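Undergrad: Sharing a structure here in C-alpha cells format.
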Amino acid sequence: MKFLPLIFLLIFFISCSKKENLGKGNSGQPEYSFKNIFSFDNEDTIFIKSRFADCGEWGGHDEIIKVYQSKRRIELTYIKYKVNCGKMDSSGSLIQIRDTTRHFILSDSQQLSLMNYFNNLMKSKFIDKEYGNSGNSFLIEDSKEQLRFSQYGNNTLFLNNYNTLMQSLGFSKVVIRNE
C-alpha cells in the first residue's frame, strides 16, 4: 500500500513529459504535415499554377494543382490544358482546352514531394530575376490569400523542380519544344 502513491506520482510525471513532445516525431524533430497548413474549417485550398512557354512569347498551356483537406485526408486535383499556338480568341490570348483532370488522395511520400517543391520554389526567389518576353511561370497561392510566391523565367532549375514534382505525383514531365 505504501508504494501505491509512488506509482501514481510516477505515472503523473511520465504523462506530463509526453505532453511536451506534442507535434514532434519520435526523434524529437517537428512533424511536417499539410494538415498543419490548413485551417480547421477545411475551406483552405493551395493552388499550384504553372504556365509553360509552348508558344514562345504568346504563352502556352496551363497546369493547375489543387491541394486541400477533406475528411482528414489530403487530396489533390490536377488539371492540364492544351493549346494550339495558331488559335487565339478575339483579345489575342491563346485558347485553353481542358485536356486532363485527375483526382486522388495524396500519400505521405507525395505530400513530402509537394513540400520539397514549395521549398525549392521559395529558394529560387534568391536567384537573379530574368526579364524577357518568353518564359515559364510557377505560382503557389492559397485561397485565404495568406500564402503567395511565384517565379518566372527559362531557368532550367524551375522546370526541373516542377518535373520532379510531376514524376512523384505520377504525371508526365513537361517538355517545352518551342523554346
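The values are calculated or read from the model by the stated rules, or taken from the named source; none is laboratory data. Every value quoted in this text rests on a predicted model; they were computed, and no experiment measured them. Virtual Cβ from ideal backbone geometry, glycine too; neighbours counted across all protein chains shown. For the accessible areas, the whole protein counts, side chains as well, though only heavy atoms, and no ligand, DNA or RNA atoms are used. Shrake-Rupley method; radii C 1.70, N 1.55, O 1.52, S 1.80 Å.
Undergrad: Residue by residue through segment 157-164, which ³J(HN,Hα) values in whole Hz follow from phi under the Karplus form 6.51 cos²θ - 1.76 cosθ + 1.60 (θ = phi - 60°), with glycine and proline marked x?
TA: Each residue's phi maps through the Karplus curve to give 4, 5, 5, 4, 4, 5, 5, 4 Hz.
Undergrad: So what J values fall out for segment 89-100 if you push phi through Karplus, 6.51 cos²θ - 1.76 cosθ + 1.60 with θ = phi - 60°, rounded to Hz, Gly and Pro as x?
TA: For segment 89-100, the Karplus curve yields 7, 5, 8, x, 8, 4, 8, 8, 10, 4, 10, 9 Hz.
Undergrad: Just by accessible area at a 1.4 angstrom probe, what is the order of Val175, Val83, Val67 from largest to smallest?
TA: Highest to lowest solvent-accessible surface, that is Val175, Val83, Val67.
Undergrad: Now for a different question. Taking H placed 1.01 Å from N in the peptide plane, check which residues at least 5 places from Leu106 or on another chain put their amide H under 5 Å from its amide H.
TA: Close amide H contacts, sequence-distant or interchain: Ile74, Glu75, Leu76.
Undergrad: Using 0.36 nm per residue of separation minus the Cα-Cα distance, give me the extension gain between Asn116 and Lys129 in nm, one decimal.
TA: Gain in length upon complete extension: 2.6 nm.
Undergrad: Considering amide H positions built from the backbone, and no H for Pro or chain starts, which residues 5 or more places from Leu147, or on another chain, come under 5 Å of its amide H?
TA: Amide H to amide H, under 5 Å and 5 or more residues apart or across chains, Leu147 pairs with Asp142.
Undergrad: If DNA, RNA and ligands are ignored and the probe is 1.4 Å, what is the ranking of Met115, Met166, Met122 by accessible area, most exposed first?
TA: Of Met115, Met166, Met122, the descending order of accessible area is Met122, Met115, Met166.
Undergrad: Shape verdict for segment 135-179, please, from the Cα gyration tensor: rounded (a/c under 1.5), prolate (a/b greater than b/c) or oblate.
TA: The shape class here is oblate.
Undergrad: Can you classify segment 64-159 as rounded, prolate or oblate using the Cα gyration tensor, where a ≥ b ≥ c are the square roots of its eigenvalues, rounded means a/c under 1.5, and otherwise it's prolate if a/b beats b/c and oblate if not?
TA: oblate
Undergrad: Sticking with this structure for a sec: What distance in nm separates the two pseudo spin-label positions at Glu31 and Gln96, each 7 Å out from Cα along the beta-carbon direction?
TA: 3.6
Undergrad: From the protein chains alone at 1.4 Å, what is the descending order of accessible area for Glu43, Glu75, largest first?
TA: Ranked from most to least accessible, the order is Glu43, Glu75.
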